[in-house]
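Working notes for the structure below.
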Amino acid sequence: MTLVQLKHFVALAERGSFAEASRVLFLTQPALTRSIQSLEDELGGQLFDRLGRRIALTPFGHEALERARRIVGDAEALRHTSKALTSGLLGELRIGLSSAPGALFSGPLMLHLAQHHPRLLLRISRGNTDVLIAELRAQRLDAVIVDVRALRPAADLAVGQVFELHAGFLVRAGHPLTELGRAATLADLTAYPVASTPLSDEVARILIARYGPQANPDDMVTLRCDETLSIVDVARRSNAIVLTVHAVADDLVRLETDPPLNASARFGLVTLSRRQEAPALRIVRQQLPAWVAAASAPATA
């Protein structure tokens, strides 16, 4: 017994004649007859009484028709659901965002899904890179966007859509360091609290290469937090200096330093290499370039 045979049975019962059912099914009458006979043989009972050119459902046929309709209807609903899932219209998307990507992309992602895929369940997890990668490996997340400099090379991780965002020292408007009339030195910076999210070893090496061993984040950073927006808020309300991606705080002032930092943060979309991707992840892949471009665009007055 196949789904096709059940569809033939339902169509024949609804049309009441082999000629009409054959027409709507785009089958020859002999092919339809063979399909129905094969179904009857498998079920062990007649579905139709043949009354000359007319047919009528047998009592067994009436009973079988209701079940066949349910099966065909459920199969059709499953087909539509599968298409919707493949299109990212239904189902669930579980994505992890480290601090700066979370600050930049959580809003655009939720807004896009609310406007274009309102039936898709979105779960955003926030945390540092190590925590999110552990959740990804445990298959509690479908993908993460994290600092790829903080990742150790691993065969089970697939890193794609890598992008960079300018980063540096930011302060509030009117901060004393903006009144120096020259670029700030490391001594100028460390006269104030310095706030940052956890930094990768590569970024630490860059800082030390630019400013000397005193710029080691273990010593220089005095306010440490996994949440970018929290440290940005502290910089807005105090003389603290925040080391972060410029795009997360367009209202803060970028400090010129001597020597220049000329740094960037490097992020990427990370998935498990041996796991089939969640269908809805294609939405993130499609939209991410536009979100990055918006974050990279110069601030307008």
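Observations, loosely collected:
- Selection within region 67-93: residues that are of a type in the set (Asp, Glu) and assigned to a helix (DSSP H, G or I). The member of this set that is modelled with the lowest pLDDT is Glu76.
- Any pair with Cβ under 7 angstrom, 6 or more apart, that starts in region 227-251 at a residue that is touching a residue at least 24 places away in the same chain (Cβ under 8 Å) and buried (at least 18 other Cβ atoms within 10 Å of the Cβ) and ends at one that is assigned to a helix (DSSP H, G or I) and of a type in the set (Phe, Trp, Tyr): none
- Single match in Asp226, Asp219 (criterion: in contact with a Gly (Cβ under 7 Å, 6 or more places away or on another chain) and either more than 17 Å from Ala265 (Cα to Cα) or part of a loop (DSSP other than H, G, I, E, B) (or both)): Asp226
- Options Glu179, Glu164: the member that is farther than 20 Å from Ala134 by Cβ and surrounded by 13 or more Cβ atoms within 10 Å (Cβ to Cβ): Glu164
- Filter result for Val221 (buried (at least 16 other Cβ atoms within 10 Å of the Cβ) and over 13 Å from Ala195 (Cα atoms)): no
- Residues in region 1-53 that are farther than 20 Å from Arg70 by Cβ, assigned to a helix (DSSP H, G or I) and polar (S, T, N, Q): Ser22, Gln29, Thr33, Gln37, Ser38.
- Test: Ala56 is surrounded by fewer than 13 Cβ atoms within 10 Å (Cβ to Cβ), of a type outside the set (Val, Ile, Thr), free of Cβ contacts under 8 Å to residues at least 60 places away in the same chain and in a helix (DSSP H, G or I): no
- Answer residue from region 25-53, given it is in contact with a Phe, Trp or Tyr (Cβ under 7 Å, 6 or more places away or on another chain) and either surrounded by 15 or more Cβ atoms within 10 Å (Cβ to Cβ) or among the hydrophobic types (A, V, I, L, M, F, W, C) (or both) and is nearest to Phe9 (Cα to Cα) among those: Ile36
The values are calculated or read from the model by the stated rules, or taken from the named source; none is laboratory data. Just so it is clear, the model here is predicted, and its values are computed rather than measured. Ideal geometry is used to build each Cβ from the backbone, glycine not excepted, and the neighbour counts take in all protein chains shown.
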